[in-house]
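S.K.: Encoded as C-alpha cells, here's the structure I'll be asking about.
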Amino acid sequence: MKDSIYQKVAGLAQQKKEQVILLRRDFHAHPELSLKEFRTTQKIEEELDRLGIEHFKVSETGVIGVLKGKAKEKDQVGDHAVIALRADVDALPICEANETDYKSQADGVMHACGHDSHTAMLLGAASVLKEMEGDFSGTVRFLFQPAEEIGAGGKIFRKEKERTLADAQRVFGIHCAPDLQSGLIGVTPGINNASVDHFTIRVQGKSAHVCIPEKGVDALYIGSQIVAALQGIVSRETSPVEPVVIGVGRFEAGSAYNIIAESAELEGTTRNVSKENREKVNRLVTETAKSIAALYGGSAEVEWEDFALPLINPAQICQEVSQVVDLTLGEGHVKSDRVVSLSGDDFSEYQEEVPGVYAYLGVGNPKVPGTQNALHTVNFGIDEDALTLGVSAYAAYTLWWLNEGYANLPRQ
C-alpha cells in the first residue's frame, strides 16, 4: 500500500473536521443514559443513511454499520479480511457545570467520559472510508455500543458476536484521555485498564435500644468493621507490586440516633489487573463480610456484578497501530507508555473474542480551559482539535489491515 493512501486519509480527516465537531456537539447537547440511548441511536442511523452505509440494530440502542470495499483488484484473501471498529455511546448521571452553546440539555445527564467524541470520530472515520471504498477490499464493521458505563453493552454485543464481530480478525477502539496532551495517542502494550466489579453487602442484625446493646446485634457496627477489614485484604493478602483497589462508596444503616441498627447496606468496587487476583480478591471480600457478621452475631449476603474484564493490549497489534499512525501523521504522535489506569472499559469483552487494541486519544490542552479535567467530573471537556487524529487512526488502521495486515497472516 502506497504512502499516498495514508496521506489521503489524513487529508480527508482534516476536511471532515468541522462536521465531526458538529456531530460531537450534537451528541453532547443530547446525552442519554445507558440502555436509553434512543435519540443517539436515531442520529447515528441517520448519519449512516446519509453516507450510504448499511446498518442494523443489535438490542434497542446498539447499531452496527457494515461497509464492504470495492477495490477493482480483489482476490480471495482480501475479500475475507474483516475489521471491527468500536465506539461507546452512553452518558453519565452527572449534572454539567460547563457553560457552552452545546451544554447538556438533559437535566442531570452529561457526556462526562467522552463517548460523544468517540461516536463522532467513528462516524467521521465511516465517512472517510466510504469515500475511499474503492481503495480496499474486505469489510469494515462499525460497532456503536450502548451501556458501557454500566458494564452491560460489551456483554450484549459479545453475546451477539455472530452479528457484531462476525468474522473479524481485528478489533480497534479509541477513548479520550485528558491526561494525555492533545496531538498524542496512547498505544500501550500490556495491561491498560483494571477489571471492574461492583459489590453490595447486606448486613442483617437485630434492633434494640442503645441502652441495652446486649439485646441487639448492631448492623452498623458490623458494617464499620467490614469496611476497615476490607483494606486489610489489599495490604496483607495481595502483592504490593500488583495494583489492587477495594473501595466502599456507600454505607447506609440505622433509623434513629438511639436505636441499634437492624440492618446495613454497603456498596463498593474492586479493581484488579489480573484475572487470577480478581478471583482471589473478590472471594476474600465475600468471606470477610460473612465472617465478621457472624463474629458479632449477625449475617451478611454479598451480591456481585461483573462490569469489565482487565483490558490488555497485545504488543504485536500495538506495533501495527503505532506504525500506521506514524505513516499517516508522521512520527511523534504515539505514546507507548501511558500509565496503567484502574478504571475499566468493557472493550475488554471484544478482546476475549478477537485480537485488538484499545488506544487513548490525548484531549488535554493547557491552552484550552477545562480540557485537562478528569473524566466523570462536572466540568470535563476536550480539545476538539484532537478529534481529527482519532478519525485518522480509525480509518488508517482499517485500510492497513484490509489491504496489508490480513494478507500477511499465516495460512494453513
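S.K.: Go through the range 188-207 residue by residue and tally those that are surrounded by fewer than 24 Cβ atoms within 10 Å (Cβ to Cβ) and either more than 23 Å from residue 250 (Cβ to Cβ) or among the small types (Gly, Ala, Ser) (or both).
M.R.: First, pick out the residues of the range 188-207 that are surrounded by fewer than 24 Cβ atoms within 10 Å (Cβ to Cβ): 188-191, 197-200, 202, 204, 206-207.
Those left that are additionally either more than 23 Å from residue 250 (Cβ to Cβ) or among the small types (Gly, Ala, Ser) (or both): 188-191, 207.
Total meeting the criteria: 5.
S.K.: Quick one: is residue 43 over 19 Å from the mean Cα position of the chain (by Cα), modelled with pLDDT of 95 or more, outside any helix (DSSP H, G or I) and surrounded by fewer than 22 Cβ atoms within 10 Å (Cβ to Cβ)?
M.R.: Working: over 19 Å from the mean Cα position of the chain (by Cα): yes; modelled with pLDDT of 95 or more: yes; outside any helix (DSSP H, G or I): no; surrounded by fewer than 22 Cβ atoms within 10 Å (Cβ to Cβ): yes.
Considered against the rule, which asks whether it is over 19 Å from the mean Cα position of the chain (by Cα), modelled with pLDDT of 95 or more, outside any helix (DSSP H, G or I) and surrounded by fewer than 22 Cβ atoms within 10 Å (Cβ to Cβ), residue 43 comes out as no.
S.K.: Let me ask another. Just to check your reading of the model, which residue among 337, 383 is acidic (Asp, Glu), closer than 30 Å to residue 275 by Cβ and in contact with a Ser or Thr (Cβ under 7 Å, 6 or more places away or on another chain)? Show your work before the answer.
M.R.: Details: 383 fails: closer than 30 Å to residue 275 by Cβ.
Among 337, 383, only 337 is acidic (Asp, Glu), closer than 30 Å to residue 275 by Cβ and in contact with a Ser or Thr (Cβ under 7 Å, 6 or more places away or on another chain).
S.K.: Suppose we filter 326, 337, 345 for residues that are among the acidic types (Asp, Glu), surrounded by fewer than 18 Cβ atoms within 10 Å (Cβ to Cβ) and closer than 15 Å to residue 191 by Cβ; which single one remains? Quick ask: steps written out before the conclusion?
M.R.: Numbers: 326 fails: closer than 15 Å to residue 191 by Cβ; 345 fails: surrounded by fewer than 18 Cβ atoms within 10 Å (Cβ to Cβ).
Only one candidate passes the filter, namely 337.
S.K.: Also, I was wondering about something else. Tell me, yes or no, whether the range 350-360 has at least one residue that is over 24 Å from residue 14 (Cα atoms), assigned by TED's automatic domain parsing to the domain that holds residue 142 and either free of Cβ contacts under 8 Å to residues at least 24 places away in the same chain or of a type in the set (Asp, Glu) (or both).
M.R.: Yes, the range 350-360 contains a residue that is over 24 Å from residue 14 (Cα atoms), assigned by TED's automatic domain parsing to the domain that holds residue 142 and either free of Cβ contacts under 8 Å to residues at least 24 places away in the same chain or of a type in the set (Asp, Glu) (or both).
S.K.: Another question, then. Where the second residue is part of a strand (DSSP E or B) and surrounded by fewer than 23 Cβ atoms within 10 Å (Cβ to Cβ) and the first is among the polar types (S, T, N, Q) and lies in the range 169-185, which pairs have Cβ atoms under 7 Å and are six or more apart or on separate chains?
M.R.: If the second residue must be part of a strand (DSSP E or B) and surrounded by fewer than 23 Cβ atoms within 10 Å (Cβ to Cβ), the pairs left are 169/82; 181/364; 182/364.
S.K.: Only one of (1) of a type outside the set (Lys, Arg); (2) crowded, with 24+ Cβ neighbours inside 10 Å; (3) in contact with a Phe, Trp or Tyr (Cβ under 7 Å, 6 or more places away or on another chain) is not met by residue 151, so which one is it?
M.R.: In the conditions (1) of a type outside the set (Lys, Arg); (2) crowded, with 24+ Cβ neighbours inside 10 Å; (3) in contact with a Phe, Trp or Tyr (Cβ under 7 Å, 6 or more places away or on another chain), residue 151 misses (2) alone.
S.K.: Kindly establish whether residue 136 is closer than 15 Å to residue 175 by Cα and of a type in the set (Phe, Trp, Tyr). Don't jump to the end; show me each part of the working.
M.R.: Numbers: closer than 15 Å to residue 175 by Cα: no; of a type in the set (Phe, Trp, Tyr): yes.
So residue 136 fails the test.
S.K.: Let me ask another. Which of the strands (runs of 3 or more DSSP E) found entirely inside the range 95-213 contain at least 1 residues meeting this: within 30 Å of residue 52 (Cβ to Cβ) and either more than 15 Å from the chain's Cα centre (by Cα) or hydroxyl-bearing (Ser, Thr, Tyr) (or both)? Let's see the steps before the verdict.
M.R.: Working: elements: 139-145, 170-181, 190-193, 195-204.
By residue number, 139-145, 170-181.
S.K.: Taking the range 223-247, which residues are farther than 17 Å from residue 292 by Cα and touching a residue at least 60 places away in the same chain (Cβ under 8 Å)?
M.R.: Selection gives 243, 245.
S.K.: Here is a further query. With the requirement that a residue be within 30 Å of residue 360 (Cα to Cα), in contact with a strand residue (DSSP E or B) (Cβ under 7 Å, 6 or more places away or on another chain) and in a helix (DSSP H, G or I), what does the range 269-314 give you?
M.R.: Across the range 269-314, the qualifying residues are 277, 278, 281, 282.
The values are calculated or read from the model by the stated rules, or taken from the named source; none is laboratory data. What you are looking at is a predicted structure, and each value in this text was computed from that prediction instead of being measured. Here Cβ is always computed from backbone atoms with ideal geometry, including for glycine, and neighbour counts include all displayed protein chains.
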